[in-house]
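A.B. asks: The structure follows.
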Amino acid sequence: MCGIIAAATDRSVGKLLIKGLYKMEYRGYDSAGIAMHVEGDVAHLRTLGKVNLLEDKMKSEKPKGKVGIAHTRWATHGEPSEINAHPHQSNDRVFIVHNGIIENYLDLKNELTTQGYTFYSKTDSELIAHLLDHFLKTNDSLLKAMQSLKNKLEGAYAIAALDQKDPDNLVLARNRSPLVIGLGKKENFAASDPLALAELTKKFLIMEDGDVARISSNQVEIYDEQDKLTNREELSIDVNAEASSKGNFRHYMEKEIFEQPGAILNTLDGRIGGEDVLDNIFGEGSSDLLAKVKRVQIVACGTALHAGRVAANWFSAISGLPTQMDYASEYRYKNPYIDEDTLLIAISQSGETADTLAALRYAKEKDYLATLGICNTPTSSLAREADYLLLTNAGQEIGVASTKCFTTQLVALMLLTLALAKASGKNPRLRGRIIEALRTLPEKISDALKLKSDIVDFAPEIANKDNALFLGRGIFYPIAKEGALKLKEISYIHAEAYPAGELKHGPLALIDEEMPVVAIAPEYELAEKLASNLEEVKARGGALYVFGNAKEKLDLSTGRYISMPECDFLLTPILYSIPLQILSYEVALLRGTDIDQPRNLAKSVTVE
Ligand code: F6R
């Protein structure tokens with residue numbers, strides 16, 4: 001999704017802005033641009049395509065300035081093009097970059113057109129530049145114009161703006177779209193993603209909804225929703241600069257797959273002790289709260305919802321709690337069942353997914369017992385707004401396809417399962433067994449990573465197909481869904497997942513020699529039933545790729561069998577995710593796709 005970086009410095013700002021844009025590339029984008037003050041004028045450069053093209057343009061035009069704004073755009077209104085790229089401008093005076101969506105843009109656009117403003121782009125963002133220009137006619141500063149503007153805008157926005165007549169200052173505004181201010185020595189910055197400022201500062205102020213701010217190289221002023229000068233708490237955030245390098249890996253996704261043993265250790269660190277989960281790991285008083293939970297409602301999107309689907313099995317089997325799960329984008333519109341004994345859990349890696357946040361905010365207005373967030377981004381809206389929180393501590397995930405954030409979400413949800421069971425005194429011996437298994441999980445994950453060479457062997461057989469089917473039963477069905485999602489999003493092969501027992505109710509019609517079928521088949525109560533389902537595939541010529549640990553139970557004269565490391569059954573969904581991630585990665589590599597930034601996708605989906 002879109003990324004903003006802005007800076008007011010005492011040094012040349014161009015390279016700094018370009019570097020920040022590179023750091024936000026992982027979010028997904030289609031065009032980029034910069035506007036900066038240059039000796040009484042504003043240099044305005046935009047390109048369709050990657051940041052390196054913008055950098056080339058900067059190198060050939062060589063604008064020199066100290067104050068500027070820059071943006072990567074992920075198209076929502078209007079196709080990817082240079083004219084739709086940000087910054088947008090009005091009368092060569094006001095230049096803006098914007099993340100989010102202005103919901104009343106058609107009304108505002110009509111008003112502005114009547115007043116004589118011409119729109120060059122198809123975006124909703126351009127009207128922000130024109131409206132600021134309009135308000136500058138009756139206000140003596142861009143700050144005041146921005147304060148007037150916010151009363152007109154409906155929707156989500158993070159905005160950075162500059163006025164050609166005021167070369168020292170930048171003005172910012174935030175509503176429901178992240179924006180942080182970074183504090184430096186004789187320089188100050190703003191960004192929609194702290195990672196963009198990773199090498200510039202560790203000191204941050206997080207803007208709140210309704211805030212407008214003015215920054216120069218030596219001053220930061222923030223005004224709250226009521227336009228009163230305010231202070232926001234200074235946070236020290238060590239945005240790991242290493243996260244922005246791939247090391248020896250070919251892609252961030254590959255690096256993040258191999259980081260999983262360490263990431264899981266970090267999720268567990270300080271949360272377990274002896275034979276149990278520690279008290280209050282979800283925040284002050286959380287253990288007392290968990291004792292009151294009678295039902296669970298999960299909201300999340302995509303991969304995060306798959307983690308929730310696995311957890312629903314654990315909540316029921318280990319904590320004795322029924323769970324309702326919903327796509328965050330659907331939940332608010334279905335008249336959800338709500339009562340005061342239900343805990344609402346929002347799961348999100350970024351903590352900025354618009355649908356998940358909207359669901360959380362909706363839930364906070366209702367009579368739930370409490371809301372609890374599982375999140376990887378400490379500065380995110382979700383992390384700040386949920387009543388209780390567990391950070392997954394996986395480290396920054398850059399690849400658009402989630403890997404380490406998924407498995408650490410699963411670990412966090414297992415900790416929640418144990419905490420819920422502990423709060424109501426359930427299953428103490430089982431809890432002890434799982435804690436022991438969690439301690440050895442990072443090693444098991446390292447073993448599963450060693451399967452890479454086996455997977456590389458047969459990846460070409462899948463890479464030349466157009467479709468793939470993933471099968472799993474029970475707790476492995478969500479893992480099959482996650483495997484299919486991973487494959488389709490980075491290799492663009494059409495992939496679907498089914499609980500294997502459903503095959504003969506329709507999907508079996510699709511099976512022939514052209515259909516690879518990936519099955520998750522560990523030794524468990526459903527293994528034999530799954531084996532019969534695989535026979536149905538074999539009988540119709542489907543090519544089987546089976547991940548399991550009981551080969552002798554399957555008659556696999558044809559097809560591939562990948563022997564998985566042994567692991568406590570309740571944690572196997574986490575372990576079996578690993579080879580499926582590697583499989584998608586290797587297949588995508590063979591197909592030559594843009595693995596870290598697959599087409600049409602974004603890392604942080606900040607629009608509904
Ligand atoms: C797929 C993937 C997405 C995200 C989804 C939610 O690999 O990463 O499906 O899981 O967009 O994102 P978060 O977790 O940031 O709310």
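A.B. asks: What does the convex hull of the Cα atoms come to per residue for segment 450-597, in Å³?
C.D. replies: Numbers: hull volume 14.7 nm³, N = 148.
It comes to 100 Å³ per residue, whole-number rounded.
A.B. asks: Each label point is 7 Å from the Cα along the Cα-to-Cβ direction; what then is the distance between the points at K292 and D56, in nm?
C.D. replies: 6.1 nm
A.B. asks: Let me ask something additional. What is the antiparallel percent of DSSP beta bridges lying wholly in segment 273-413, to the nearest 5?
C.D. replies: Details: 1 of 21 bridges.
Given both bridge residues lie in segment 273-413, the antiparallel proportion sits at roughly 5 percent.
A.B. asks: In terms of solvent-accessible area of protein heavy atoms at a 1.4 angstrom probe, what is the ranking of F119, F95, F249, highest value first? Write down the numbers at each step before the final one.
C.D. replies: Numbers: F119 40, F95 5, F249 75 Å².
Order by accessible area, largest first: F249, F119, F95.
A.B. asks: May I ask you to list, by number, the DSSP H helices of the chain whose Cα span along the axis is at least 20 Å and whose average Kyte-Doolittle hydropathy reaches 0.0 or more? Walk me through the numbers on the way to the answer.
C.D. replies: Working: long enough: 302-318 (24 Å, 0.58); 404-423 (28 Å, 1.40); 428-449 (32 Å, -0.24); 477-491 (21 Å, -0.17); 572-591 (29 Å, 0.95).
Within the chain the helices that satisfy the rule are 302-318, 404-423, 572-591.
A.B. asks: Shape call for segment 1-79 from the C-alpha gyration tensor, a ≥ b ≥ c root eigenvalues: rounded (a/c under 1.5), prolate (a/b greater than b/c) or oblate? Spell out each step's value before the answer.
C.D. replies: Working: a/c = 1.85, a/b = 1.68, b/c = 1.10.
Prolate, because a/c is 1.5 or more and a/b exceeds b/c.
A.B. asks: Now for a separate question. Provide the solvent-accessible area of E61, counting protein heavy atoms only and rolling a 1.4 Å probe, rounded to the nearest 10 Å².
C.D. replies: 110 Å²
A.B. asks: Oh, and also: Please give the FRET efficiency for D41 paired with D227, using the beta carbon to beta carbon distance and R0 = 51 Å, rounded to the nearest 0.05. Don't skip to the end; give the middle numbers.
C.D. replies: Values: r = 31 Å, r/R0 = 0.60.
Here the calculated transfer efficiency is 0.95.
A.B. asks: Over the Cα atoms of the chain, Rg to Rh with Kirkwood Rh, two decimal places? The partial results should precede the final answer.
C.D. replies: Details: Rg = 25.5 Å, Rh = 25.4 Å.
Rg divided by Rh gives 1.00.
A.B. asks: Also: Let me check against my output: what whole-number percent is the relative contact order of the chain, with C-alpha pairs under 8 Å and at least 6 apart?
C.D. replies: 12 percent
A.B. asks: Using only the alpha carbons, work out the radius of gyration and Dmax of segment 248-446 in angstrom.
C.D. replies: Reported Rg and Dmax, both Å: 15.9, 51.
A.B. asks: Sticking with this structure for a sec: With each run of n ≥ 4 DSSP H residues scored as -39500 (n - 2.57), what mean residue ellipticity at 222 nm is computed for the chain after dividing by its residue count and rounding to the nearest 500 deg cm²/dmol?
C.D. replies: Working: 18 runs with 214 residues, N = 608.
Value at 222 nm, helices only: -11000 deg cm²/dmol.
A.B. asks: Separation between the S453 and K152 pseudo-spin-labels, each 7 Å from Cα along Cα→Cβ, expressed in nm?
C.D. replies: A separation of 6.6 nm, rounded to one decimal place.
A.B. asks: For Q324 and D269, what is the calculated FRET efficiency with R₀ set at 35 Å and r taken between the beta-carbons, to the nearest 0.05?
C.D. replies: Working: r = 31 Å, r/R0 = 0.89.
Using R0 = 35 Å, I get an efficiency of 0.65.
A.B. asks: What fraction of the DSSP beta bridges in the chain is antiparallel, stated in percent and rounded to the nearest 5?
C.D. replies: On the way: 64 of 103 bridges.
That works out to approximately 60 percent antiparallel.
A.B. asks: Sticking with this structure for a sec: Relative to 2.2 N^0.38 Å, what does the C-alpha radius of gyration of segment 2-243 come to as a ratio? Two decimals please. Could you put the intermediate results ahead of the total?
C.D. replies: On the way: Rg = 16.1 Å, N = 242, 2.2 N^0.38 = 17.7 Å.
Normalised Rg, Cα atoms only: 0.91.
The values are calculated or read from the model by the stated rules, or taken from the named source; none is laboratory data. Everything numeric here is computed off the predicted structure, so don't read it as measured data. A quick note on method: Cβ atoms are made from the backbone with ideal geometry, for glycine too, and the neighbour counts reach across all protein chains shown. Accessible surface areas use protein heavy atoms only, side chains included; no ligands, DNA or RNA. Shrake-Rupley method; radii C 1.70, N 1.55, O 1.52, S 1.80 Å.
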